[in-house]
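K.L.:
The structure follows.
The values are calculated or read from the model by the stated rules, or taken from the named source; none is laboratory data. Being a predicted model, the structure only gives us computed values, none of them experimental. Don't worry about glycine lacking a Cβ; one is built from the backbone with ideal geometry, like all the others, and counts go over all protein chains shown. We work out accessible area using only protein heavy atoms, side chains counted, and drop any ligands, DNA or RNA first. Shrake-Rupley method; radii C 1.70, N 1.55, O 1.52, S 1.80 Å.
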Amino acid sequence: GLGFRCRGHRSRQFLSHGRMQQGNQQLVMPNNLEAFRRRPIQHVDPIAVKMALQCKGSDKVCLITDANIGAGLGKGKYKFGNEEVQIEYPGAPARLVKNGGLAGSGLTMDKVVRNAIKMLDVDIIQAIKMASSNPAKVLRLKNKGIIKEGYDADFVMLDEQLNIVKTFIGGRCCYGRK
């Protein structure tokens, strides 16, 4: 449930030049700010992510998801394009009914933020920054990632449990929880 770029490897070691291996995973931690993306079948152990945070700091780590169209849906079977998929629980990956193959993640960004706070021992400010302004910097998006005059005013309002209450795009409310 955390978003990081990883590559398969078999050894456990810490490498120089910003590369760390743990088990069959490798985190690439360049000296410049970069988003770490999770490949659909690989997951990064929270210990490896904590090591990345200690090595690079929360300003150089991004939280992302590769969520599909079914992200947030409850348990059930759904039609995605020409494929029927099964979702076992909200946030679960979608699996193809015909062969069990992975059809994408169901992990929503609010869950990614909650997971980061719970699993990585980061505070809400760090988690929100890793999910908003850090990715905006990586993607070199102008006028995104912070709430400030002259910026696009794309943001979410969260409740005390960090569930989405409202979503704003361009300063206009486009979603409100009922």
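K.L.:
Restricted to the stretch 45-68, and to residues that are out of contact with any Gly (no Cβ under 8 Å at 6 or more places or on another chain) and in a loop (DSSP other than H, G, I, E, B), which residue is surrounded by the most Cβ atoms within 10 Å (Cβ to Cβ)?
P.N.:
The residue in question is VAL61.
K.L.:
Right, here's the next one. Quick check on my filter: what residues within the stretch 75-94 are surrounded by 13 or more Cβ atoms within 10 Å (Cβ to Cβ) and under 10 Å from GLY106 (Cβ atoms)?
P.N.:
VAL85, ILE87, GLU88, PRO90, GLY91, ALA92, PRO93, ALA94
K.L.:
When both residues are 6+ apart or on different chains and their Cβ atoms are under 7 Å apart, which pairs have a first residue that lies in the stretch 64-79 and is in contact (Cβ under 8 Å) with a residue 60 or more places away in the chain, and a second that is open to solvent by 30 Å² or more (accessible area, probe 1.4 Å) and of a type in the set (S, T, N, Q)?
P.N.:
Correct list of pairs: THR65/THR108.
K.L.:
Take residues that are of a type in the set (Val, Ile, Thr) and under 29 Å from LEU120 (Cα atoms) and tell me which of the strands (runs of 3 or more DSSP E) falling wholly in the stretch 130-178 contain 1 or more.
P.N.:
In the stretch 130-178, 155-158, 164-169 are the strands (runs of 3 or more DSSP E) which contain 1 or more residues that are of a type in the set (Val, Ile, Thr) and under 29 Å from LEU120 (Cα atoms).
K.L.:
A further question follows. Residue by residue through the stretch 105-117, note down the ones that are open to solvent by 10 Å² or more (accessible area, probe 1.4 Å) and more than 13 Å from GLY91 (Cβ to Cβ).
P.N.:
Scanning the stretch 105-117 gives a single hit, ILE117.
K.L.:
Answer yes or no: is there a residue in the stretch 91-104 that is more than 17 Å from the chain's Cα centre (by Cα), outside any loop (DSSP other than H, G, I, E, B), at negative phi and at pLDDT below 90. Outline the logic, then answer.
P.N.:
We begin by selecting, within the stretch 91-104, every residue more than 17 Å from the chain's Cα centre (by Cα); these are 95-102.
Of the ones still in play, those that are also outside any loop (DSSP other than H, G, I, E, B) are 95-96, 102.
Those left that are additionally at negative phi: 95-96, 102.
From what is left, the residues that are at pLDDT below 90 are 102.
Yes, the stretch 91-104 contains a residue that is more than 17 Å from the chain's Cα centre (by Cα), outside any loop (DSSP other than H, G, I, E, B), at negative phi and at pLDDT below 90.
K.L.:
Tell me which residues, restricted to the stretch 118-129, are touching a residue at least 24 places away in the same chain (Cβ under 8 Å), open to solvent by 60 Å² or more (accessible area, probe 1.4 Å) and in a loop (DSSP other than H, G, I, E, B).
P.N.:
Within the stretch 118-129, just ASP121 meets the criteria.
K.L.:
Sort out which residues of the stretch 130-178 are within 15 Å of ASP59 (Cβ to Cβ) and either of a type in the set (Lys, Arg) or open to solvent by less than 60 Å² (accessible area, probe 1.4 Å) (or both), and write them in order of number. Let's see the steps before the verdict.
P.N.:
Initially, the stretch 130-178 is screened for residues within 15 Å of ASP59 (Cβ to Cβ), giving 130-138, 145-146.
Those that are within 15 Å of ASP59 (Cβ to Cβ) and either of a type in the set (Lys, Arg) or open to solvent by less than 60 Å² (accessible area, probe 1.4 Å) (or both): MET130, ALA131, SER132, SER133, ASN134, PRO135, ALA136, LYS137, VAL138, GLY145.
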